[in-house]
Amino acid sequence: MADHRTLDPQTRALIEQSVGEMFAHAEQDRFHRVTTMLGELGWSEVAEEYPLAAQEILATQHALSLTTSDLLDITLIDRLSLALPTAPPVGRSLVLLPSPPGSGPAPGPGRVGGLLQGPPQPDDTIVVPFIAGDDIRVATVPAAEVDAVPLHTFDPSVSWLQATAPAVDEGQPAAAEWAAAVAAGRRLIATEILALAGHAIELTVAHVSTRRQYGHSIAAFQVVRHQLAEAQAEIDGARALLAEASTDGGYAPARAAKIAAGRAQRVARAAALQLNGAIGLTEESVLHRYVARAMQLDVLLGSARVLERELAGELFAPDAAGTPLPPLVLAR
Amino acid sequence: MLTLTAPIEELPMNTAAVMSGPLAEDVTAYRRELREFLRTEPQLDSWRADPAQSSEEILQSHSRLLALLYSGGWNRYGWPSAMGGLGGTELHRAAFYEELSMADLPIPEQCMTLDTVGPAVLGFAPELAAQLLPGYLRGDEWWGQGFSEPEAGSDLAALRTRGTVDSDRMVISGQKIWTSQGATATRLLCLVRTGTPESRHRGLTIVLVDTDCPGITIRPIALASGQRELAEVFFDEVNVPLDRVIGEIDGGWAVAMYLMQWERAMYCYASTSRLMRSMQQLRDRMLADNIAGAAETAAFARTYVQLSTAKARGLQSIRRLAAGEKLGPEASVDKLLCGLADKAAYDLVAEVMEQASLVAPPADRRYAHDWADQWWYSRAATIMGGSAEIQRGIIADHVLALPKD
C-alpha cells in the first residue's frame, strides 16, 4: 500500500485548517459520529487522492481538538467489513474493542466482553470480534442487546463503557481482517498520541519562553533546554517509525510504532509536567487535557508495556534462534 | 560549539554515473541479489565467527572482507563511477549495511569512515576522489578524521593545529586526538587553522595528509577495554602539497558541515544496522541459556523498538540525501537517538545476561571479551562526532528555537 504522493505545503495547510475547524465546531463532552461531518467536508476525495496524508491529518486534528468520536471504530470496521457477509451500516456501527490490558479480543461466541469508546444508539450495530479456539472471528450484534456500563477513566473527558455483547452465532473467520484492522487502528492511535505529546511540548516551549525567574526566561537554563530537546527527539523518532509503518501497512511495524509513540509520550509528558511547574498541574492550564488524553489512548489496542510483551513472545519463539531479527525498517 | 548554520555551498552529489552497474536504479533488485550472494558465498563464513580480536586485527580482517565484496561489486553501489563506484544512491549503501547485518556478517569498519569522509572529498575535491577513493572501496586503505584536539572537542572551532601556506605546500604543526582508526590509517582528513588564532570557524581548512609523511607521529590510545580503537597524532612541520586541500583555503568549516550530513545519517544507519546483529546474537544466547523470562524479554523488545525508531529516523534522512536534499540542524535528532540506542543495546547484555558478560566462565571468554570491547566503545556513541549535550543544544536552539535569555 505504498503511497508516495505528497501534499504540497499549501494544500496541506488548507486541509489541516478545514479539518481543524470541523472538529473545533464539534461540541465537547459528546461522542461524535464523524461520517456525517466528513461527508459535509467532502473528505472522500482527499482520502482517495492522498490516503496516508489524509489519515494522518484527520487523526492529528481529531487529537488536538480533544474530540471523542467513532473515528477508530470506522477505521477498524473498514477492514473488518471484508470478513462480514453484509457491511455494518456506515456511521451507525461501533466495534467492541479489547478490554485493557488485553490487546486482542475476548473468547466467544456467547457473551463477549470488551470496551466501547462511546455510548451506542439503540439502532446501532455492534461489531464483535472474538477468539474461538485458534481462530479470530467476527459477528454483528444489535446494540439493543448489548449491556454497557460507564468505565471510570483517568481522562474524564472520554466516555468509555465496559460492555458485554451476546454473539449468538459462530461469526465469520477474520484473522487476516482483524490483523489489518488492528494495524490501522494502532497507527491511528499512535498518530493521535504523538500529536498530543507534540502539543504538550509546544505548550511547554511557550511557557518556558515567557516565564522569567532569576532575571532570565527559564528557557535559557540548559537543563530545561535539554529536557525539551530530548522529548522532541523521542517524538520525532516515533513519528519516523510511524511513517514507515504507514507506508508498509503491516502488523509488526504498526505495533512497534504504537510502542514507540507510547514511550515517547511518557518522555514528553514527564518533561511537560515538570517544566510547566505547578500551573501545569491545575485545571486552569490546558496541559492536563493533552497529557490525560494521551495516557488514556495508550491503553487502547494494547499499551506500550502490553505490546512489548506480545512482541517479546514472537522474538523469543522457540524456533526463532539463528534467524535474523525481523526488520521493522528497510531502506527502499 | 558546533552549529550547522554555516552556509553550505551548492554542490552536485551523485551526478549521473557514466558507467553505472545494472542494479544502480533498483535498490530492491540490488538487495535481492546481494542477499543471495551473502547466503551462498562459502568464503564469507570465516567472517561470521571472525578470530580477529584486536582493533588492528579487526581492521585487517575487514579489509579482506571489503576486497571480497568489492570483487563482486557489492560495496561499489551507492558511489559514483568517478571514484570507482557503480552508481546508485545512499539507499544502496543503507541496504548494503542491512543485508550484511542480517546475514550475520560484520559491517566493515572502513565503511564507517568512508561514509563520513567520502562525500566531502567527492564534493569538494573530485580529482582526489578519483585518484584515491577507489583504493578505499577496495579495502586497500582507510583514513582517519583528524578534527578533535586536546583543547578543542565539543568546541571544534577553537582548534589550534596550524596550517601555514608556503607557495605550493602547506606546513602543519600541532596535535589531533581521538582519531578513529588513526593508528592504522593511510591518510588523515585534517581540519587545521590557516587563519588567525581568533578566526574561529572562518579560518579553518581541510587537508588530506598521508600518515607516512615525515614529521607525523601516531600513538594509539588504549580504551578501558584495552582496545586501541583511537589514536593521537602529532604534526611537526609536516609538508603537504596544496593539491591535497579539500575545498578552499579558510573554507574548511563549510566542508566539515557538508561532511556532517553523512556522518549524522549514514554513520548512524550503519551503526544501528550493526546493532541489530548484536541484538540477534544476544537473543540467540538468551534462548540457548534459557534466560527468557518476562522481564528480560520485555526489556529486549523495548530496546529492539528503540533501535528501530533510530533507524527509521535515519532512513528519512538518507532518503533526503539520496534525493539531493540537504540536512540541517534537525539531523541532530538522528545522532541523539542513534547514540542513545547504541548504549541501550550494549547495556541490555549486562542487564539480562551477566553470567556471560560480567562473570563469564572460560567457555564464554570470547563472548565476554567482545561484549566488553563493544560496551566500552558504545559509551563513546554519545560523545564522539558531537556529544549528546551538543546535539540537545542544537535541537533546543534551531529546532525548538528556545530563547537564550
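Descriptive notes on the structure:
- Enumerated strands (runs of 3 or more DSSP E) restricted to segment A:98-186, each holding at least 1 residues that are of a type in the set (D, E, K, R) and without any contact (Cβ under 8 Å) to a residue 24 or more places away in the chain: A:147-150
- Listed conditions (1) of a type in the set (S, T, N, Q); (2) over 24 Å from B:Pro126 (Cβ atoms); (3) out of contact with any strand residue (DSSP E or B) (no Cβ under 8 Å at 6 or more places or on another chain) are all met by B:Gln261, apart from (2).
- Residues that are farther than 30 Å from B:Ala301 by Cβ, crowded, with 19+ Cβ neighbours inside 10 Å and either of a type in the set (Gly, Ala, Ser) or at pLDDT 95 or above (or both) are absent from segment B:269-290.
- Exclusive hit being under 30 Å from A:Gly110 (Cα atoms) and not hydroxyl-bearing (Ser, Thr, Tyr), set A:Ala219, A:Ala179: A:Ala179
- Screening segment B:74-102 for residues that are of a type in the set (S, T, N, Q) and within 12 Å of another protein chain (Cβ to nearest Cβ) and picking the one that is farthest from B:Ile318 (Cα to Cα) gives B:Ser101.
- The lone criterion from (1) within 11 Å of another protein chain (Cβ to nearest Cβ); (2) surrounded by fewer than 22 Cβ atoms within 10 Å (Cβ to Cβ); (3) more than 27 Å from B:Ile107 (Cα to Cα) left unmet by B:Val359 is number (1).
- The residues in segment B:18-48 that are farther than 23 Å from B:Ser81 by Cα, aliphatic (A, V, I, L, M) and within 13 Å of another protein chain (Cβ to nearest Cβ) can be counted, and the count is 1.
- Among the residues examined, A:Ala331 does not qualify as farther than 30 Å from B:Leu38 by Cβ, without any contact (Cβ under 8 Å) to a residue 24 or more places away in the chain and buried (at least 24 other Cβ atoms within 10 Å of the Cβ).
- Qualifying residue in segment A:179-192 (condition: buried (at least 21 other Cβ atoms within 10 Å of the Cβ) and among the hydroxyl-bearing types (Ser, Thr, Tyr)): yes
- B:Arg392 meets each of the listed conditions (1) crowded, with 20+ Cβ neighbours inside 10 Å; (2) within 19 Å of the chain's Cα centre (by Cα); (3) of a type in the set (Lys, Arg) apart from (2).
- When residues of segment B:378-405 are limited to those that are of a type in the set (Gly, Ala, Ser) and away from every other protein chain (no Cβ under 12 Å), the one farthest from B:Gly328 (Cα to Cα): B:Ser378
- Any hit, segment A:314-324, residues being in a loop (DSSP other than H, G, I, E, B), within 14 Å of chain B (Cβ to nearest Cβ), more than 24 Å from the chain's Cα centre (by Cα) and surrounded by 16 or more Cβ atoms within 10 Å (Cβ to Cβ): yes
- Residue match in segment A:274-281 (condition: within 14 Å of another protein chain (Cβ to nearest Cβ), farther than 13 Å from A:Ile259 by Cβ, hydrophobic (A, V, I, L, M, F, W, C) and in contact (Cβ under 8 Å) with a residue 40 or more places away in the chain): yes
The values are calculated or read from the model by the stated rules, or taken from the named source; none is laboratory data. Note that the coordinates shown come from a computational prediction; the quantities given were computed from them, not determined experimentally. We place every Cβ from the backbone using ideal geometry, glycine too, and count neighbours over all the protein chains shown.
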